[in-house]
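Below: the structure, in structure tokens.
The values are calculated or read from the model by the stated rules, or taken from the named source; none is laboratory data. Remember, it's a predicted structure, so these values are computed and weren't measured experimentally. All Cβ positions, even for glycine, are placed from backbone atoms using ideal geometry, and neighbour counts span all protein chains on display. Protein only, heavy atoms only, side chains kept; ligands, DNA and RNA dropped before computing areas. Shrake-Rupley method; radii C 1.70, N 1.55, O 1.52, S 1.80 Å.
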Amino acid sequence: MRVVVSIGPGQHGDFLLRELARRGTLKLSIRSWPYFQVESWSEDTASVLASNRWYRRVSWLSWAVWRRMPWLHRYQTPASWLSSLHDRMARRFVGDCDMFLGWAQVSLLSLREARQGGAIAVLEHPMVHITDWMATVREEYRRWGTEAARYPNLFPRQLVRRMTREYLEADYITVLSRFARDTFVEHGIDEKKLLCIPLGVDVDHFCP
């Protein structure tokens, strides 16, 4: 089994890579922060194959400009085009693998590329269905009397559309809880393609 991983938003990516590498199944890891980087993995070492430092400059510039334009703050506008850029760059490295595991938001084209190459396409989705997320955030803003237009926890519409298309492209979608799984089922996603895998705990760090 040769696995290619494309990492997006979330805090558990390094733990996942470590475990896949320990099992000898990790072929490539792709990430876009702090700059776009691709690593080739063997059983005991990892070496950088390709990196683009200009991606970091583009990212910093995008967020810097956005933060200076208050009228854009209704949504995390740069997240949409930066996710698309990550995906367009990452798809070139999907290539010859048995399984592609891509993070939600940054994997639409890569999932498609993996399936066309005969690989299993898995979407890592560490949240509820995006439609439920948007509804919950809006309700919390209303509940606490906060102007949603001034806070960035709402996803850009373009990114919402992208994520819902990722759901259709993936062979499987991993979710963190039964509650999250149920939100997908409520929106018509086949339960057979939903894999409930709760996050683990680092028992070396969190111990008595």
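Of everything in segment 10-38 that's assigned to a helix (DSSP H, G or I) and either touching an Asp or Glu at 6+ places or on another chain (Cβ under 9 Å) or β-branched (Val, Ile, Thr) (or both), which residue is nearest to MET127 (Cα to Cα)?
Among residues in segment 10-38 that are assigned to a helix (DSSP H, G or I) and either touching an Asp or Glu at 6+ places or on another chain (Cβ under 9 Å) or β-branched (Val, Ile, Thr) (or both), the one nearest to MET127 (Cα to Cα) is GLY13.
Among the residues making up segment 5-43, a single one is farther than 22 Å from LEU176 by Cβ, of a type in the set (Asp, Glu) and open to solvent by 40 Å² or more (accessible area, probe 1.4 Å): GLU43.
The residue list SER80, SER107 contains one member that is within 28 Å of VAL185 (Cβ to Cβ), of a type outside the set (Phe, Trp, Tyr), crowded, with 18+ Cβ neighbours inside 10 Å and more than 11 Å from the chain's Cα centre (by Cα), which is SER80. Inspect segment 148-158 for any residue being small (Gly, Ala, Ser), in contact with a strand residue (DSSP E or B) (Cβ under 7 Å, 6 or more places away or on another chain) and touching a residue at least 40 places away in the same chain (Cβ under 8 Å) and give the result as yes or no. No, segment 148-158 contains no residue that is small (Gly, Ala, Ser), in contact with a strand residue (DSSP E or B) (Cβ under 7 Å, 6 or more places away or on another chain) and touching a residue at least 40 places away in the same chain (Cβ under 8 Å). Taken together, ARG74, ARG68, ARG57, ARG2 contain a single residue that is open to solvent by 60 Å² or more (accessible area, probe 1.4 Å) and modelled with pLDDT of 90 or more, which is ARG2. Select from segment 149-208 the residues that are of a type in the set (Gly, Ala, Ser), over 28 Å from MET69 (Cβ atoms) and open to solvent by less than 60 Å² (accessible area, probe 1.4 Å) and list them in ascending order. ALA170, SER177, ALA180 - these are the residues of segment 149-208 that are of a type in the set (Gly, Ala, Ser), over 28 Å from MET69 (Cβ atoms) and open to solvent by less than 60 Å² (accessible area, probe 1.4 Å).
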